[in-house]
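To start, the structure itself, in structure tokens.
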Amino acid sequence: MCEVLAPAGDESSFYAALNSGADAIYLGLKDFSARKSAANFTLENLGEYTRYAHVLGAKVYVALNTLVKDKELSSFFHTACAAWSAGADALILQDIFLGKALKEMYPQMVLHLSTQAGVCNIYGARLAKRMGFSRVILARETPFDDIKKIASEIETEVFVQGALCTCFSGQCYFSSFVGGNSGNRGFCKQPCRKRYRIDRKGFEKYSYKLSLSDLCLGDKVLKLQDAGVQSFKIEGRMRSAAYVGTAVKYYKDLFSRIPAHTLSDDLSELKQAYNRGDYTRGYVFGQDGNLLSSDVQGHKGERIGTVSRSKNVKFTFIRSEYIPRDGDGFKIIRGEKEEVGGDEWRSIYPKKAGGFYLMGGSEFREGDGVYLTSSVALQEKVAHRKRLVPLRLSARISVNARPCVRVCGEFGVREFTADFCAEAAQKQAFTENDFIECFQKTGEYPFRVTVEDLNLDGKCFIVKSALNNFRRKIYESIYELLAGQVKGVKEKELKIPPMDRKNACFGTAVIDTDFSSVADKVKIDYAIFRPKNYKNQSDYDEFFNVSKYYAWHKYLYLPAYCLGSDLNEIENHLDGFEGVYAEGTFALEWCKEKRIKVFAGTGFNLFNEMSVAMMEAEGVENWVLSKELSESESRELREKSFSFVGGCIKVMELGHCLFRKDCKQCDRRARYNLTDEQGRNFPLYRYENSVCRFEVYNNALLVSAFKGRANLYDFTILSERGKELFVLGKEEQIEPRTSGAYRRGVL
């Protein structure tokens, strides 16, 4: 199996994907979709689209991949049931625990675990499989060696084309804490695409420091195919039909081993359709030098010429072999880095051999690059594609007998007999051309008809309207056969498992890299140790030297982004810890194997009572609710859970080096400042696991008035003065501070 999986944010993209050869399409509904800004689809029209795709032999996956609040649970389960009944071939979920609940209620459902669940190691894949998922959509940050291991255990889907999120999948809260719009809920406002500067030599100027280039794995997909990957995913539910169709054709041609010159044309068209940053190979084969797109933001297009200065003050001449059409869009980029303008070409512009003119002049310089960003010809090319189901027809028609038509296709053979008889011709007889002309009218049905054999016995006459009705009934029957049976399921009553809270969470938990400054100032029940370097035994020794004087529970901090190599290193240092405080759900499986406890962190994104109950059933004793829930939304759950109430708010966990992995020149500081154009400083923290990793923290510290019986503080990057204010209860002196999502929640 080698599935090219295409995005569809609207109807035009849906048909562009199908007609360009997509094996499967993923789309979202109005609710519970991580791409809320796309046009999306509805439960009312979903069946129409799934049936059409099935006729063409393609599958449809419905994304219900957002976090779900308690008040939305009934609606979520109803939507999942309705989407499945409408013909969805699989449902894509972020919440692994809701997936488990769905699978228990409806065993026939096929579930795919979203990239938002952050599966990047074998343990996350094993957990997904045990929870009832048949496929994992891997985090974009997953390297080849881990992909190969995961593909040996479960069906695997990998992103090969499109936008890359800056933050590790499912762990981005930047949009939430900057503006209350949660990426985990489908409302991301993409603050990562803004301009920043970093207080390190060579990085002080404002540019797109967090923005990543578009992914394009190209022929590297063949290596992934050999490694056992089954589905190759194109990102882009917010992009045009031209982009979707062009991307699908490129990857279908790659897998078909099409000649190199055709692939070159495909890639050229793909750049014209959408290209941020001249493409990167991403993370799969190691961070490349083009991963970051710091200079030109948005669609760059394909270079087709250069600016040639002229005396015309209104127009600028473009030296190029490209022949523009009305409506083609262009950007002018200086030195590959600075976007200086653009224009949409019109046929009323002046004409000259060797190129064409664009409006504008004074801002352009001789030699500036000219890039095609919108091609009318490409849009038309994609729109005119038509994918058809081949049907082979033969027929027997004789006087005083009912016509019989035999239809052959991939479905086998079907025979149809008319409800009328052919008559003897009195004047002009029915001919083979009459039959062909009639049956090649397929109307709305996506069929390509070939008449192989027509046996006309005698001179016959057939009423044209009767034959047309017969044809329509045949094609309708074939369409229904290919569309498949409606797999309606009876919706069940939603029942949330009761929770045993005899051992309810309580006490104070603190995350820190150094406990020596707070140990005597606050009663700590759970000390969660974050090594600055997971490979340095001395870091652990210092923690245990402090811990021997206190009776706290000792837990080791486990990041959400943990590859197999990271876990191998961490395993060497588990002695002396009761368990791990984990930000990723994979820890449930890993800790079960290591026979240690799990303290489920904020990265589990526990949003509702069902997920909490399902996790408790896994034997977890302590957990923290999502930091995106408001006080009112989490009030009942907070009686049973830890709440994150103070300290440093991690808003991003990065899978790459912001300094382009130039290790020889690195000053290896533990902390930098990422400053936006409004002057807000977001701490950038560096720690070491198997390699250097970076995290971005909110510019304001969390100070919550809503403390409960179980409270979590994160002091990871807090100064000694900051810690002192917290432990002495002087939070009113902390500036800048925020109450986070506790007062108003997130959308």
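Annotation note: of Gly740, Gly722, the sole residue that is closer than 22 Å to Pro191 by Cα and in contact with a strand residue (DSSP E or B) (Cβ under 9 Å, 6 or more places away or on another chain) is Gly740.
For the stretch 444-455, filtered to residues that are over 12 Å from Arg392 (Cα atoms) and out of contact with any Phe, Trp or Tyr (no Cβ under 7 Å at 6 or more places or on another chain), the residue that is least open to solvent (accessible area, probe 1.4 Å) is Pro446. Among residues of the stretch 279-303 that are open to solvent by 30 Å² or more (accessible area, probe 1.4 Å) and modelled with pLDDT of 95 or more, those with a Cβ under 8 angstrom from a residue that is part of a loop (DSSP other than H, G, I, E, B) and of a type in the set (Asp, Glu), sequence gap 6+ or separate chain, pair up as Arg281/Asp288. Against the conditions (1) touching a residue at least 40 places away in the same chain (Cβ under 8 Å); (2) closer than 27 Å to Val651 by Cβ, Glu593 satisfies every one except (2). Take the residues in the stretch 464-491 that are part of a loop (DSSP other than H, G, I, E, B) and of a type in the set (A, V, I, L, M); name whichever of them is surrounded by the fewest Cβ atoms within 10 Å (Cβ to Cβ). For the stretch 464-491, the residue satisfying everything is Val486.
Within the stretch 465-481, residues that are under 13 Å from Val405 (Cβ atoms) have Cβ atoms under 8 Å from residues that are open to solvent by less than 50 Å² (accessible area, probe 1.4 Å) and of a type in the set (S, T, N, Q) in these pairs: Tyr475/Thr442, counting only partners at least 6 apart in sequence or on another chain. Limited to the stretch 111-135, what total is found for residues that are part of a loop (DSSP other than H, G, I, E, B) and open to solvent by less than 30 Å² (accessible area, probe 1.4 Å)? Matching residues across the stretch 111-135 total 8. Might you check whether a residue that is buried (at least 21 other Cβ atoms within 10 Å of the Cβ), within 30 Å of Glu235 (Cα to Cα) and of a type in the set (Lys, Arg) occurs anywhere in the stretch 326-335? There is at least one residue in the stretch 326-335 that is buried (at least 21 other Cβ atoms within 10 Å of the Cβ), within 30 Å of Glu235 (Cα to Cα) and of a type in the set (Lys, Arg). Among the aromatic types (Phe, Trp, Tyr), under 21 Å from Tyr581 (Cβ atoms) and open to solvent by 10 Å² or more (accessible area, probe 1.4 Å) - does that describe any residue in the stretch 707-717? Yes, the stretch 707-717 contains a residue that is among the aromatic types (Phe, Trp, Tyr), under 21 Å from Tyr581 (Cβ atoms) and open to solvent by 10 Å² or more (accessible area, probe 1.4 Å). Each residue in the stretch 417-436 was checked for being closer than 16 Å to Arg472 by Cα and not in a loop (DSSP other than H, G, I, E, B), and 4 of them qualify.
Please determine, by comparing only the residues of the stretch 52-85 that are of a type in the set (D, E, K, R) and more than 27 Å from Glu444 (Cβ to Cβ), which one is most open to solvent (accessible area, probe 1.4 Å).
For the stretch 52-85, the residue satisfying everything is Lys71.
Taking the stretch 520-538 as the range and being crowded, with 19+ Cβ neighbours inside 10 Å and either without any contact (Cβ under 8 Å) to a residue 60 or more places away in the chain or under 22 Å from Phe694 (Cβ atoms) (or both) as the test, the residues that pass are Ile524, Ala527, Ile528, Phe529, Arg530, Pro531, Tyr534.
Looking at the structure I just gave you, is Phe439 open to solvent by 20 Å² or more (accessible area, probe 1.4 Å), closer than 21 Å to Ile474 by Cα and either without any contact (Cβ under 8 Å) to a residue 12 or more places away in the chain or aromatic (Phe, Trp, Tyr) (or both)? It is false that Phe439 is open to solvent by 20 Å² or more (accessible area, probe 1.4 Å), closer than 21 Å to Ile474 by Cα and either without any contact (Cβ under 8 Å) to a residue 12 or more places away in the chain or aromatic (Phe, Trp, Tyr) (or both). Would the stretch 437-459 turn up any residue that is aliphatic (A, V, I, L, M) and either at positive phi or assigned to a loop (DSSP other than H, G, I, E, B) (or both)? No, every residue in the stretch 437-459 fails to be aliphatic (A, V, I, L, M) and either at positive phi or assigned to a loop (DSSP other than H, G, I, E, B) (or both). Pairs are defined by a Cβ separation below 8 Å, a sequence spacing of at least 6 or placement on different chains, a first member in the stretch 656-678 that is assigned to a loop (DSSP other than H, G, I, E, B), and a second member that is among the β-branched types (Val, Ile, Thr); the pairs so defined are Leu658/Ile198. Would you confirm, using the coordinates I've provided, whether Gly21 is closer than 23 Å to Gln108 by Cβ, of a type outside the set (Lys, Arg), at pLDDT 95 or above and open to solvent by 10 Å² or more (accessible area, probe 1.4 Å)? It is false that Gly21 is closer than 23 Å to Gln108 by Cβ, of a type outside the set (Lys, Arg), at pLDDT 95 or above and open to solvent by 10 Å² or more (accessible area, probe 1.4 Å). Return a yes/no flag: does the stretch 595-615 have any residue that is within 14 Å of Cys505 (Cβ to Cβ), at pLDDT below 90 and open to solvent by 20 Å² or more (accessible area, probe 1.4 Å). Looking through the stretch 595-615, none of the residues is within 14 Å of Cys505 (Cβ to Cβ), at pLDDT below 90 and open to solvent by 20 Å² or more (accessible area, probe 1.4 Å).
Of the residues making up the stretch 156-179, those that are of a type outside the set (A, V, I, L, M) and either open to solvent by 10 Å² or more (accessible area, probe 1.4 Å) or part of a helix (DSSP H, G or I) (or both) are Phe159, Cys165, Gln171, Cys172, Phe174, Ser175, Ser176, Phe177, Gly179. One residue stands out in the stretch 27-50 among those that are under 11 Å from Met238 (Cβ atoms) and open to solvent by 20 Å² or more (accessible area, probe 1.4 Å): the one that is farthest from the chain's Cα centre (by Cα), namely Ala39.
Applying the set (1) under 24 Å from the mean Cα position of the chain (by Cα); (2) over 26 Å from Gln94 (Cα atoms) to Gly576 leaves exactly one unmet item: (1). Among the residues of the stretch 361-383, is any free of Cβ contacts under 8 Å to residues at least 12 places away in the same chain, in a loop (DSSP other than H, G, I, E, B) and either among the aromatic types (Phe, Trp, Tyr) or exposed (fewer than 15 other Cβ atoms within 10 Å of the Cβ) (or both)? Among the residues of the stretch 361-383, not one is free of Cβ contacts under 8 Å to residues at least 12 places away in the same chain, in a loop (DSSP other than H, G, I, E, B) and either among the aromatic types (Phe, Trp, Tyr) or exposed (fewer than 15 other Cβ atoms within 10 Å of the Cβ) (or both), which makes the answer no.
With respect to the conditions (1) closer than 19 Å to Leu217 by Cβ; (2) among the polar types (S, T, N, Q); (3) open to solvent by 10 Å² or more (accessible area, probe 1.4 Å), Gln108 lacks only one, and its number is (1).
Candidates are the residues of the stretch 136-155 that are in a strand (DSSP E or B) and out of contact with any Leu (no Cβ under 6 Å at 6 or more places or on another chain); the one that is least open to solvent (accessible area, probe 1.4 Å) is Ile137. Looking only at the stretch 654-675, filter to residues that are open to solvent by 10 Å² or more (accessible area, probe 1.4 Å) and within 27 Å of the chain's Cα centre (by Cα); which one of those is nearest to Glu204 (Cα to Cα)? Among those residues, the one meeting the criterion is Arg660.
The values are calculated or read from the model by the stated rules, or taken from the named source; none is laboratory data. Everything numeric in this text was worked out from a predicted model, so none of it was measured. Positions of Cβ are backbone-derived with ideal geometry, glycine not excepted, and every protein chain shown enters the neighbour counts. For accessibility, only protein heavy atoms count, side chains too; no ligands or nucleic acids. Shrake-Rupley method; radii C 1.70, N 1.55, O 1.52, S 1.80 Å.
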